[in-house]
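Student: Quick one: structure below, then a few questions.
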Amino acid sequence: MAGRIQVLPYEELSNRDRLPYGTYIFADLERLLPPQIDMAAEAWDQLTWHEDGLNAYNNPACVQRRHEMLCDFHARGWNRFRPYRAAEIHRISRFPVFFRDALQHGGNLTDLLASPEEVNKALRKLVSEGHCPRDLLAVEFCDTRDASGVYRKYSAFMVGEQIIPRTMSFSHRWMIKHPDLTSPAFVQEARQYVDSNPHEAELRRLFEAARVQYGRMDYGLCEGNVQVWEINTNPMVLLPPERYEPVLFPIHEQFAARIQRAFEAIDHPSVSSQMIPITFKPETLRALKKADRRRRLARLARSGVPEPLRACLRPLVRKARYLLTRNRL
């Protein structure tokens with residue numbers, strides 16, 4: 001698919017005045033700042049005016065971001081756990097909880113915290129390390145271990161109308177980023193999962209509720225009920241073949257074939273060679289420039305700058321992050 005898929009960074013989108021007909025997937029919406037969401041939504045509106053020969057997925061103005069989605073799924077009774085903004089931690093009534101970044105996909109920022117005192121201490125530490133409080137979520141822990149203490153993480157893609165099981169990961173650790181249990185029995189269970197797609201109907205309903213048409217859902221099962229950890233709209237699709245353990249390679253190979261067919265299904269050939277004109281509101285472009293300056297300052301503070309200089313920069317970075325995120329939902 002390399003010759004048929006092009007990546008257009010959002011930083012370049014603001015400099016375009018026209019775009020070709022084709023299929024558009026708006027990805028990585030979790031990480032976009034409010035001015036970027038506004039820009040992407042303006043582009044979506046202008047692209048979707050031209051229905052002839054154009055498909056578009058993940059409307060930036062409609063897709064639920066992580067905090068909104070987790071709160072919604074808990075309110076509907078689907079998830080047994082809920083998240084709290086840093087300003088809401090006094091409302092936490094069920095422990096343990098852990099902190100994670102609302103915008104990133106790096107997993108937990110803390111161990112499990114068993115009391116309000118531990119939560120407050122962890123929050124102070126994270127803020128002192130440069131994390132913006134508005135970007136932090138305290139999430140209730142949902143224990144999905146089986147009787148032998150094994151956690152299972154399920155992953156499945158949504159591509160247009162198709163639900164494609166990605167893989168199952170097994171671990172004795174509650175936060176699973178890389179599988180560390182790969183015995184023949186676990187490999188066979190994973191193969192049964194990708195072959196049978198047992199949660200297809202449930203996952204379709206959840207993706208539709210989050211208003212996502214392209215992304216990967218990571219989830220677990222608690223007493224047989226799906227518990228959604230996140231939906232990543234810019235997921236890692238495939239690694240180079242040599243990065244996979246040989247025993248798991250057939251599962252990844254099967255997924256590769258399925259997702260290629262799914263991409264081909266949404267890639268309708270354009271019937272027009274004309275370009276679609278794109279314009280952005282002046283206030284959106286001004287907000288983008290301000291956001292870019294503040295983000296570059298924050299990146300500088302996280303880079304390999306000597307600690308004394310980082311200490312001097314931290315107050316500026318916290319102020320910049322506050323200004324950058326004050327309008328974020």
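The values are calculated or read from the model by the stated rules, or taken from the named source; none is laboratory data. Bear in mind the structure is a predicted one, so any value in this text is a computation, not a measurement. Every residue, glycine among them, receives a Cβ derived from its backbone with ideal geometry; neighbour counts consider all protein chains shown.
Student: Mind listing just one residue for me: the one in the range 258-268 that is within 23 Å of the chain's Cα centre (by Cα) and of a type in the set (A, V, I, L, M, F, W, C) and, of those, surrounded by the fewest Cβ atoms within 10 Å (Cβ to Cβ)?
Tutor: Per the stated criteria, the residue is 266.
Student: Okay, next question. Please count how many residues of the range 133-165 are buried (at least 18 other Cβ atoms within 10 Å of the Cβ) and touching a Cys at 6+ places or on another chain (Cβ under 9 Å).
Tutor: 1
Student: Search the range 230-248 for residues that are within 22 Å of residue 181 (Cβ to Cβ) and pair each with any residue that is of a type outside the set (Asp, Glu) and assigned to a loop (DSSP other than H, G, I, E, B) when their beta-carbon atoms are under 7 Å apart and the residues are at least 6 apart or on different chains.
Tutor: 245/182; 247/182; 248/182
Student: Do you know which residues across the range 136-189 are out of contact with any helix residue (DSSP H, G or I) (no Cβ under 7 Å at 6 or more places or on another chain), β-branched (Val, Ile, Thr) and over 30 Å from residue 89 (Cβ atoms)?
Tutor: Selection gives 150 alone.
Student: Give me the residue from the range 85-126 that is out of contact with any strand residue (DSSP E or B) (no Cβ under 8 Å at 6 or more places or on another chain) and in contact (Cβ under 8 Å) with a residue 60 or more places away in the chain and, out of that set, nearest to residue 235 (Cα to Cα).
Tutor: Taking the candidates together, the pick is 104.
Student: Continuing with the same structure: If you scan the range 113-132, which residues turn out to be charged (D, E, K, R) and either within 19 Å of residue 94 (Cβ to Cβ) or within 25 Å of the chain's Cα centre (by Cα) (or both)?
Tutor: Scanning the range 113-132 gives 117, 118, 121, 125, 129.
Student: When you check residue 173 against the structure, is it touching a strand residue (DSSP E or B) at 6+ places or on another chain (Cβ under 9 Å), in a loop (DSSP other than H, G, I, E, B), under 25 Å from residue 221 (Cα atoms) and free of Cβ contacts under 8 Å to residues at least 24 places away in the same chain, yes or no?
Tutor: In short, yes.
Student: For residues that are surrounded by 15 or more Cβ atoms within 10 Å (Cβ to Cβ) and in a loop (DSSP other than H, G, I, E, B), tally how many sit in the range 198-221.
Tutor: So the answer is 3.
Student: When only residues in the range 78-114 that are within 15 Å of residue 124 (Cα to Cα) and in contact with a Ser or Thr (Cβ under 7 Å, 6 or more places away or on another chain) count, which is surrounded by the most Cβ atoms within 10 Å (Cβ to Cβ)? Full working, then the answer.
Tutor: Step one: list which residues in the range 78-114 are within 15 Å of residue 124 (Cα to Cα), which gives 85-90, 98-101, 109-111, 113.
This time we only want the ones that are in contact with a Ser or Thr (Cβ under 7 Å, 6 or more places away or on another chain), so: 98-99.
Numbers: 98: 20, 99: 22.
Here the answer is 99.
Yes or no, residue by residue, for (1) in a loop (DSSP other than H, G, I, E, B); (2) crowded, with 18+ Cβ neighbours inside 10 Å; (3) modelled with pLDDT under 90:
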residue	(1), (2), (3)
1	yes, no, yes
6	yes, no, no
37	no, yes, no
42	no, yes, no
46	no, no, no
50	yes, no, yes
59	yes, no, no
70	no, yes, no
74	no, no, no
